[in-house]
Amino acid sequence: MLGLMQNQPLLISSLIEFAQRHHGDVEVVSRRVEGDIHRYTWADVSRRSHQVANALKGFGLDMGDRVATLAWNGYRHLELYFGVSGSGRVLHTVNPRLHPDQIAWILNHAQDKVMCFDMTFLPLIQAVHAKCPSVKHWIALCDADKLPADSGIPGLLSYEAWMSSQSTDFEWPDFDENSASSMCYTSGTTGNPKAVLYSHRSTILHAYAAALPDVMCLSARDSILPVVPMFHVNAWGLPYSAAMVGAKMVFPGPALDGKSIYELMENERVTFAAGVPTIWQMLLGHIQPDGLRFSTLKRTVIGGSACPPAMITAFNDIYGVEVLHAWGMTEMSPLGTLCTLKNKHLTLSKEEQMKIRLKQGRCIFGVDMKIVGDNGEELPHDGKTYGDLYVRGPWVVDDYYKPEGSNPLVKDARGRGWFPTGDVATIDADGYMQITDRSKDVIKSGGEWISSIDIENIAMAHPAIAMAACIGMKHPKWDERPIVAVVKKPGAEVSREELLAFYEGKTAKWQIPDDVVFVPAIPLGATGKMLKTKLRETLADYQLPGL
Ligand code: AMP
């Protein structure tokens, strides 16, 4: 027997309609590429996303056609989020930090018809446009008078000239909620990038889940600053969740340095911010020396890579800002787990609580996860046993768009498909998951695994260390031994011996790295993660001590 409830499709257009109707006067504030602050409301986002939808119609785009963006976090990007997806086209957010050849490859693979870009990326567009024949319209996200006369890009339009003359009347179409809404390519550290194609349904369900109290706890009383880019997994879905709850939105544009972020937080009374650890490192680096405080910031979600303990302590204990350590991936829209304490943990000592906060957290309702061994057997949730982390759920990838290989899912005995994340993790009896490594970065020494994240966290707790990357080096007896490559803080000094001594008592003796290598910088990938493959290449001639 079927239920007798209304079968309304879950569509992204319903988010902007809701925000306009019920929170139309709430502000959306952006630092623009031009450097100034732009201020308007959700009602304006709605009006202008109608204009975007009409302008796309004028291009004769079909449902499902891809519209690409190369843009920072800002109001025009937000209008495209709703105007493109709401009208049934697919928003393809491209990561500008990728190599130009990779960007051209991605635009061709997606067969984008339109490309909207911030003026920052004009040189990038000039380098790739001739290699991307599918793109018929190039649109610079600027006023008409900011358009260069001789860009060399045929038919280049300014966004404002293109869309602002359009009618503000537009009726969002109804269609199947499983239709594609947006796409994001994985960073492709090995092989070509892979395209994850989100649906309206997956996006709305993810937006609901993200707003839950034990997840990001978002509400109409929040002022939300997504520092995490809108070009990487839809800024962790925050534009959608913010519209759903009617929160104020604050966009940093291209100014991601500590001073600019801090000023924006204070001026716009930001209560909630989200970003990767490297960004928060810059923010703390700005406020700590001058003894500055946060007057409104309450919570910050930190994810994308492991959050070092020193960062959790600084935010929680010094500034009274709750750190929500989160884990996810492009293939998961991206949220999988988030670390909030359970009631029974509130009476634990600070040290015991810290052990939990360092974990990547508990499953969000909607995501199911398990760890499996080499033969696919499910491993116990005892907080000690490591295994490959598998996930399933309505906002987890089912297959890649135009896949180059076979379907990534692994079927269980009941025929259900699980996505192997490529992460190695433990899960404890309370359901807290902790990532120990990417499977390709696991260090195996004498038959035992060493977690590179643990080794990095210890180094990062040293006052002289800004960044640390632990990698395994071939060893004739132990198979592999860890070494740690570190970047010193400006002006700080520490010797190899001092740093190795710092490990004493903090981890098992056999897990202490065999060596410390001082490097000027750790290579980072397009999404701010450490590129250990590149680090290994730069240390190709390195020899472990004593060999
Ligand atoms: P991406 O798809 O580029 O967002 O990368 C996803 C990968 O980032 C995950 O599979 C993890 O390896 C890593 N990652 C994300 N969040 C965390 C975290 N909190 N701690 C450790 N690794 C993380």
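Using the structure shown, decide if Thr507 is within 22 Å of Trp449 (Cβ to Cβ), assigned to a loop (DSSP other than H, G, I, E, B) and either touching a residue at least 12 places away in the same chain (Cβ under 8 Å) or open to solvent by less than 40 Å² (accessible area, probe 1.4 Å) (or both). Spelling it out, Thr507 is indeed within 22 Å of Trp449 (Cβ to Cβ), assigned to a loop (DSSP other than H, G, I, E, B) and either touching a residue at least 12 places away in the same chain (Cβ under 8 Å) or open to solvent by less than 40 Å² (accessible area, probe 1.4 Å) (or both). When the helices (runs of 4 or more DSSP H) confined to the stretch 200-263 are screened for residues that are open to solvent by 10 Å² or more (accessible area, probe 1.4 Å), those reaching at least 3 such residues are found at 200-211.
Determine whether the stretch 445-458 contains at least one residue that is at pLDDT 90 or above and more than 16 Å from the ligand (Cβ to nearest atom). No, that holds for no residue.
In the stretch 390-422, the qualifying residues are those that are charged (D, E, K, R) and in a strand (DSSP E or B), and the one that is nearest to the ligand (Cβ to nearest atom) is Arg392.
Among the residues of the stretch 423-449, those that are farther than 27 Å from Gly191 by Cβ and outside any loop (DSSP other than H, G, I, E, B) comprise Thr426, Ile427, Gln434, Ser445, Glu448. Residue pairs whose Cβ atoms lie under 9 Å apart, sitting 6 or more positions apart in sequence or on different chains, and linking a residue in the stretch 322-334 that is within 14 Å of Pro308 (Cα to Cα) to a partner that is among the acidic types (Asp, Glu) and near the ligand (Cβ under 6 Å from one of its atoms), are Trp327/Asp423. Scanning the stretch 169-199 for residues that are surrounded by 16 or more Cβ atoms within 10 Å (Cβ to Cβ) and among the aromatic types (Phe, Trp, Tyr), we see that the one that is nearest to the chain's Cα centre (by Cα) is Tyr185. Tallying residues that are open to solvent by 20 Å² or more (accessible area, probe 1.4 Å) and at pLDDT below 90 within the stretch 424-440 yields 3. Within the stretch 11-48, track down each residue that is more than 16 Å from Asp174 (Cα to Cα) and small (Gly, Ala, Ser). Within the stretch 11-48, Ala19, Gly24, Ser30, Gly35, Ala43, Ser46 qualify. Ser165: open to solvent by 30 Å² or more (accessible area, probe 1.4 Å) and either polar (S, T, N, Q) or assigned to a loop (DSSP other than H, G, I, E, B) (or both), yes or no? Spelling it out, Ser165 is indeed open to solvent by 30 Å² or more (accessible area, probe 1.4 Å) and either polar (S, T, N, Q) or assigned to a loop (DSSP other than H, G, I, E, B) (or both). You will find that of Lys506, Lys489, the residue that is closer than 19 Å to Ile279 by Cα and away from the ligand (no atom under 16 Å from the Cβ) is Lys489 and no other. The criterion of at least 3 residues that are among the aliphatic types (A, V, I, L, M) and either open to solvent by 50 Å² or more (accessible area, probe 1.4 Å) or within 16 Å of the ligand (Cβ to nearest atom) (or both) is met, among strands (runs of 3 or more DSSP E) falling completely within the stretch 278-389, by 322-328, 368-372. Among the residues here, Val397 does not qualify as among the hydrophobic types (A, V, I, L, M, F, W, C), open to solvent by less than 50 Å² (accessible area, probe 1.4 Å) and under 30 Å from Trp478 (Cβ atoms). The sole residue among Pro289, Pro380 that is without any contact (Cβ under 8 Å) to a residue 12 or more places away in the chain, closer than 20 Å to Pro463 by Cα and not assigned by TED's automatic domain parsing to the domain that holds Ser452 is Pro289. Restricting to the stretch 510-534, and then to whatever is within 16 Å of the ligand (Cβ to nearest atom) and outside any loop (DSSP other than H, G, I, E, B), can you tell me which residue is least open to solvent (accessible area, probe 1.4 Å)? Only one residue fits best here, namely Lys532.
The one condition from (1) among the acidic types (Asp, Glu); (2) in contact with a Lys or Arg (Cβ under 8 Å, 6 or more places away or on another chain); (3) more than 23 Å from Asp430 (Cβ to Cβ) that Glu266 does not meet is (2). Summed over the stretch 153-162, residues that are modelled with pLDDT of 95 or more and in a loop (DSSP other than H, G, I, E, B) total 2. For the stretch 385-429, a residue qualifies if it is hydroxyl-bearing (Ser, Thr, Tyr) and free of Cβ contacts under 8 Å to residues at least 60 places away in the same chain, and the qualifying residues are Thr385, Tyr390, Ser406, Thr426.
The values are calculated or read from the model by the stated rules, or taken from the named source; none is laboratory data. These figures come from a predicted structure and were not determined experimentally. Cβ atoms come from the backbone with ideal geometry, glycine included; neighbour counts cover every protein chain shown. Surface accessibility is based on the protein's heavy atoms, side chains included, excluding ligands, DNA and RNA. Shrake-Rupley method; radii C 1.70, N 1.55, O 1.52, S 1.80 Å.
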